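Scroll down for the structure; my scribbles are underneath it.
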Amino acid sequence: MKTQRLNLRRYKKEDMQFVMSIWNDAEMGKYLPDPVFEQIDEVYRRALETLSEDKSCWYFIAELKETGERIGTCSIMPKEGVVYDIAYCVHKKYWRNGYASEMVQGIMGYARQNGVQKITVSVAKGNTASKAVMKKFGFQMVGEGTFKKRGTNMVVENEQYEYQVIY
């Protein structure tokens, strides 16, 4: 997938350290279910090594077109053939530059090209930046839930959003 400033390419095993630098960082991974660095176990590490083989979720690395520098991650979990559940995360070095919006917009275009009817996203209640992205693209909040951060007893409250793809 390509956007104005980004290439969204499939995850490779060589991306593992970059992914960990975001997902397992206490600040950047605050709203993710992934463990912080201190809680990473061998099972989790092996899972990251095999993300490219996962058939239930497609993992992508967002790279700047101009330099090829990795700036974030996103994923698509196809459900029932007509629904994409998505996620995204931007490295804090690139926060407040519109890259999360650009990733979501790229995924939305890809969904349209592939006949997807609905896109769903879970956003932590405290994640005001992601809530703003959902609002920007017309996602509607349809429910609430919780998840437990791996390796901790911390429960994170989240909101579920949906977007009906328009053709």
Requested in this report: Pick out which of 131, 13, 93 has the largest mean-square fluctuation in a Gaussian network model of the chain, springs linking Cα atoms closer than 10 Å.
Outcome: 93
Query raised in the report: When you count, for each residue, the other Cβ atoms within 10 Å and take the mean per peptide, how do 96-108, 118-130 rank with the highest first?
Result: 96-108, 118-130
Report summary line: Honestly the stretch 4-59 on the Cα gyration tensor test (a ≥ b ≥ c root eigenvalues; a/c under 1.5 rounded, otherwise a/b vs b/c for prolate or oblate) is just oblate
Requested in this report: Taking the dipole about the Cα centre of the stretch 1-64, with the C-beta of Lys and Arg at +1 and of Asp and Glu at -1, give me whichever of 58, 31, 21 is farthest to the positive side.
Outcome: 58
Query raised in the report: Pairs 13/92; 30/148; 2/55; 55/125; 30/93; 13/118: which are spaced more than 20 Å apart, C-alpha to C-alpha?
Result: 13/92; 2/55; 55/125; 13/118
Report summary line: Among [x] 0.99; [y] 1.11; [z] 1.60, the value of Cα Rg over 2.2 N^0.38 Å computed for this structure carries the label [x]
Query raised in the report: Of all accessible surface on the chain at a 1.4 Å probe, what whole percent is carbon and sulfur?
Result: 49 percent
Query raised in the report: What shape does the stretch 17-109 have by the C-alpha gyration tensor, where a ≥ b ≥ c are the square roots of the eigenvalues, rounded means a/c under 1.5, and otherwise prolate means a/b greater than b/c and oblate the rest?
Result: oblate
Report summary line: Quick calc: nm separation of the 7 Å Cα→Cβ label points for residue 129 and residue 55 -> 3.6 nm
Report summary line: residue 165 neighbourhood, Cβ < 9 Å, K/R = +1, D/E = -1, net charge +2
Report summary line: In nanometres, the difference between 0.36 nm per residue of separation and the alpha-carbon distance of residue 66 and residue 16 is 15.8 nm
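The values are calculated or read from the model by the stated rules, or taken from the named source; none is laboratory data. Fair warning: this is a prediction, and the values are worked out from it, not measured in the lab. So basically every Cβ, Gly included, is an ideal-geometry build from the backbone, and we count neighbours across all protein chains shown. For accessibility, only protein heavy atoms count, side chains too; no ligands or nucleic acids. Shrake-Rupley method; radii C 1.70, N 1.55, O 1.52, S 1.80 Å.
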